[in-house]
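The values are calculated or read from the model by the stated rules, or taken from the named source; none is laboratory data. Bear in mind the structure is a predicted one, so any value in this text is a computation, not a measurement. Glycine also receives a Cβ, built like all others from the backbone with ideal geometry; neighbour counts cover every protein chain displayed. Just so you know, the surface numbers come from the protein's heavy atoms only, side chains and all, with ligands and any DNA or RNA stripped out. Shrake-Rupley method; radii C 1.70, N 1.55, O 1.52, S 1.80 Å.
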Amino acid sequence: MSLYSALPTTFRDYIAQSGVALAVSEMAEDAPLSIVNRSFCELTGYAQDEVVGKNCRFLQGTGTSEAQRQALHDFVHGVGDDNGRFPILNYRKDGTSFHNFVFMSRLRDPEGKVRFILASQFDMSSAMQRSRIAQNDAQLAHALTDLDQIGREFGLAMMGSAQLIADSVAMMARLSFDDNRR
């Protein structure tokens, strides 16, 4: 049985229906993507069948800094807390760049072993788009409430994810507000 099929159907269905760009990677081999939703495909320009089974590095490009790459690499390889936020320059299928703000959480099975990484992604190019921060915050708060409940029902631990993401969104809003005053 693949790790993908081990995910609760409710969890897989929720990700598919979410308006937030979500992706789930398996903690096997090179952390391949198991699930991406429609919002992820819209954000990146790639179809689901083009990305499932690949590591998210395909979104990186010539302008992606080594520090940005290293932070994601470290997280995937177990360094640091179970939740992280990572600004990174990514590239869509058509080659256009976007400033991606990625929130990642390690999902553990009931025995405490990391089985998956859940990543939510936001295009912050215009916040880089000040008006979208409140909308992203509301979408994410709703998504996290649902995901946290689904996770608890199936024994997936998402320790502190909601607070970390809420703090990150608040930080981005403060930075945007500070930029507006200049």
| When you look at Ile35, is it open to solvent by less than 40 Å² (accessible area, probe 1.4 Å), among the β-branched types (Val, Ile, Thr), at pLDDT below 95 and touching a Leu at 6+ places or on another chain (Cβ under 6 Å), yes or no? | no
| request: Give the residue that is farthest from Leu118 (Cα to Cα), with candidates limited to residues of segment 39-68 that are assigned to a helix (DSSP H, G or I), in contact with a strand residue (DSSP E or B) (Cβ under 6 Å, 6 or more places away or on another chain) and among the polar types (S, T, N, Q). | output: Gln68
| said: Can you list residue pairs whose Cβ atoms sit under 6 Å apart, with the first residue in segment 21-38 being over 7 Å from Phe116 (Cβ atoms) and the second being assigned to a loop (DSSP other than H, G, I, E, B) and of a type in the set (A, V, I, L, M)? Count only pairs 6 or more apart in sequence or on different chains. | reply: Leu33/Val52
| query | Only one residue in Phe86, Phe103 is in contact with a helix residue (DSSP H, G or I) (Cβ under 6 Å, 6 or more places away or on another chain), within 23 Å of Pro8 (Cα to Cα) and at pLDDT 90 or above. Which one? | reply | Phe103
